[in-house]
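See below for the structure under consideration.
The values are calculated or read from the model by the stated rules, or taken from the named source; none is laboratory data. Owing to the predicted nature of the structure, the values given are computational and were not obtained by experimental measurement. Glycine also receives a Cβ, built like all others from the backbone with ideal geometry; neighbour counts cover every protein chain displayed. SASA here: full protein model, heavy atoms, side chains in, ligands and nucleic acids out. Shrake-Rupley method; radii C 1.70, N 1.55, O 1.52, S 1.80 Å.
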Amino acid sequence: MKPFDIVIVGGGGAGLYAAMEAMKTNPALNIAVLSKVYPNRSHTSAAQGGANAALANKAKDDSVEMHIFDTIKGSDYLADQDAVDVLCSEAPKIIRELENIGTPWSRMEDNTIAQRPFGGAGRPRCCYCADKTGHTILQTLYEQCLKTGVLFFNEYFALNLSVHGSRSRGLIAMNMKTGKVEAFPAKTVIFATGGYAKMYWNRSSNAAGNTGDGQAIAYRAGIPMKDMEFVQFHPTGLRKSGLLVTEGARGEGGYLINKDGERFMARYAKEKMELGPRDLVSRSIETEILEGRGFDSPAGKYIHLDLRHLGADLIKSRLPQIREMSLNFEGVDPIEEPIPIRPTAHYSMGGIDTDNFGRTVMEGVYAAGECACVSVHGANRLGGNSLLDILVFGRIAGHTAAEEAGKFEPGSISEEELRESVEEIRTRMQPSGHYERYGALREELGQTLALNVGIFRESSLLHKGIQDIAELKERFKKVRVFDSSDVFNTNLQQVLELKNMLDLAETVAVGALAREESRGSHTRIDFPVRDDEKWHKHTLATLVDGKAIPGEKPVTMGRYELQERTY
Ligand SMILES: Cc1cc2nc3c(=O)[nH]c(=O)nc-3n(C[C@H](O)[C@H](O)[C@H](O)COP(=O)(O)OP(=O)(O)OC[C@H]3O[C@@H](n4cnc5c(N)ncnc54)[C@H](O)[C@@H]3O)c2cc1C
């Protein structure tokens, strides 16, 4: 195949914005987007609530500076303040740019872009398209990419980075339609493969494909992962499936109620109530359940999200998808009854370590979106800041790669490298002797993570989690693929995804054990206080000769000093 200037792995919001911007920066470039699903089925399409920008349409006194402060405070002071400046200053521009290329934002009565309140935000600044925001953004971007001549390789599964010395020469991927392993020689590669919260399996709001593939590929190629211990639990997952009920439901005025009929958030966040930040609201719900004030059912313990007082009109017009999901997955109509919910693993704050331009430590390799850690979310992301992150930093990474591609030699990938990737797959596909099935391991991984590396963490639990993961990794060596077909071998794909999840799960659990403090989403029962002296820093995990080597990086401070975080 002719070498590419840029190969982007991922067709979600980050990947597509990167592609569109790279094309705009230099239309002569040869740009490819690889995606294991059709781009418009990426997890971005599931984002319901919206994207933050201080447009000051709803609250006239809102400002970029307030957005910056809310984000830094929300991050429990672990975000890099220069990166947060970029995120929030670019936000109004990016929302308007999306409007100009066709995103149908919901409107207020004066016809300006509508904004709703979101957790941890001092002003209503979340811009939305009903409760289908990610879907509309993704459709808009896909259309633009097709228009500008980006080449799409849909249903291609990325396997490995081709690394020579200190730089990459491109990517190796499998064509899922034929089973053929193909080379994508490239001057630059941008990872935009989304998050890894699906490792919590059925206690997760994520799509089945959010298995952290890009992070695992980069990790195995020696690129450091940053802040992996920070996994966000969203307060309102549906009880049975973990599927998400958007924060927009509380933004519109929904209540959280325990079995005694109390709006219990008054105990934990007097001022912000249900609109406290996610880490705090999730801990509050779990505490209510642990202390016996939750409801019980064969499908597990839960509490109520009550929307009835909002009225049928508002629910139908602003939260139609939530109503549909509650009806389909819980058999509950929120117009008539409260929705049973429980916190669900939702977002990975950690990821591939990048600078503010999307560069990693490896020449020619960039990352953006949920798979990257810039870091703008620190220890806890605010709702509405991730769509914003993928757009702003997707655009920046696309621009940087387009500007820098000329510096690098055209990539080339040898036949031998391709053969190694094929060989690895072939071994998996030859059942012999005692073997394991991936389904059981995937389930067990989710269970041990939810139990031992969940919302409340503690040394003995984390040791158990690490031991379980090590055992699962050992058993994984015996996992075999039973579908021998070359065409859409989803069994093989799931096995490869499990390998990625296992590698990353280890970094999450080891990072959580090392960090002896409580900060943002990371709550240690045995170290309940934030310890700025020892732990006000980012953690790194780098794979060297098969071993994870821990490292650290200072947090970039700016105008805001460390403060106690109360709501
Ligand atoms: C249910 C839900 C609701 C959300 N709501 C909001 C919200 O309202 N506001 C907000 O700010 N954030 C929200 N978020 C978070 C936000 O949507 C995500 O963080 C964001 O969309 C991630 O975008 P991305 O482009 O980084 O990755 P994704 O959209 O996840 O895309 C990843 C892409 O990578 C590709 N890929 C992955 N692995 C491979 C591989 N091995 N080979 C080839 N391709 C691969 C996939 O095919 C896909 O195209 C929500 C998240 C969820 C799960």
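What's the Cα-based Rg to Rh of region 235-344, Rh via Kirkwood?
Radius of gyration relative to Kirkwood radius: 0.93.
Roughly speaking, what is the stretch gain from Phe456 to Lys270, that is 0.36 nm per residue apart minus the C-alpha to C-alpha distance, in nm to one decimal?
64.8 nm
Once you list every other residue whose beta carbon is under 10 Å from the beta carbon of Ile289, what net charge do they have if Lys and Arg are +1 and Asp and Glu are -1?
Neighbour charge sum, excluding Ile289 itself: 0.
Can you bin every Cα-Cα distance in region 204-276 into 5 Å intervals starting at zero and give me the percent of pairs per bin, rounded to whole numbers?
Taking every Cα pair in region 204-276, the percentages come to 3, 12, 15, 18, 15, 11, 10, 8, 5, 2, 0.
Scale the Cα Rg of region 206-248 by the rule-of-thumb value 2.2 N^0.38 Å and send over the ratio, two decimals.
Ratio of Cα Rg to 2.2 N^0.38 Å: 1.53.
Please list the three semi-axes, largest first and in whole Å, of the ellipsoid equivalent to region 5-105, using sqrt of 5 times the eigenvalues of its alpha carbon gyration tensor.
28, 16, 15
Distance between the C-alpha centers of region 444-508 and region 510-542? Whole Å please.
The distance from the Cα centre of region 444-508 to that of region 510-542 comes to 23 Å.
Quick one: of Lys58/Lys132; Lys58/Lys93; Lys2/Lys407; Lys499/Lys547; Lys240/Lys499; Lys24/Lys132, which pairs are farther than 23 Å apart, Cα to Cα?
In this structure, Lys240/Lys499; Lys24/Lys132 lie more than 23 Å apart at Cα.
So for the pair Arg475, Thr112, with labels modelled 7 Å out along Cα→Cβ, what separation do we get in nm?
5.7 nm
Just need the relative contact order of region 444-535 here, percent rounded to a whole number, with Cα pairs under 8 Å and 6+ apart.
35 percent
Strictly greater than 16 Å: what percent of every Cα pair in region 415-535 meets that?
65 percent
Tally the DSSP beta bridges in region 226-376 and give the antiparallel ones as a percent, rounded to 5.
90 percent
In region 284-416, what is the volume of the convex hull around the alpha carbon atoms, normalised per residue and reported in Å³?
Hull volume over Cα atoms, normalised by residue count, gives 211 Å³.
For the peptides 199-211, 545-557, what is the packing order when you average, over each peptide's residues, the other Cβ atoms within 10 Å and list the highest mean first?
199-211, 545-557
How do the peptides 175-183, 233-241, 346-354 rank, highest first, by the average count of neighbouring beta carbon atoms within 10 Å per residue?
For the peptides 175-183, 233-241, 346-354, the packing ranking is 346-354, 233-241, 175-183.
Give me the Kirkwood hydrodynamic radius of the chain in Å, from all C-alpha pairs, to one decimal place?
23.7 Å
Within the accessible area of region 235-344, what % is carbon and sulfur when the probe is 1.4 Å and the other protein chains stay in place?
Answer for region 235-344: carbon and sulfur cover 47 percent of the accessible area.
How large is the convex hull of the Cα atoms of region 440-506 per residue, expressed in Å³ as a whole number?
Enclosed volume per residue, from the Cα hull, is 77 Å³.
Which whole-number value in Å² is the accessible area per residue of region 415-535, probe 1.4 Å?
On a per-residue basis, 49 Å².
Could you compute the FRET efficiency for Glu416 and Asp545, with r as their C-beta to C-beta distance and R0 at 25 Å, rounded to 0.05?
Efficiency computed from Cβ-Cβ geometry: 0.75.
What percent does the relative contact order of region 271-361 come to when contacts are Cα pairs within less than 8 Å and at least six residues apart?
Once normalised by length, the contact order is 24 percent.
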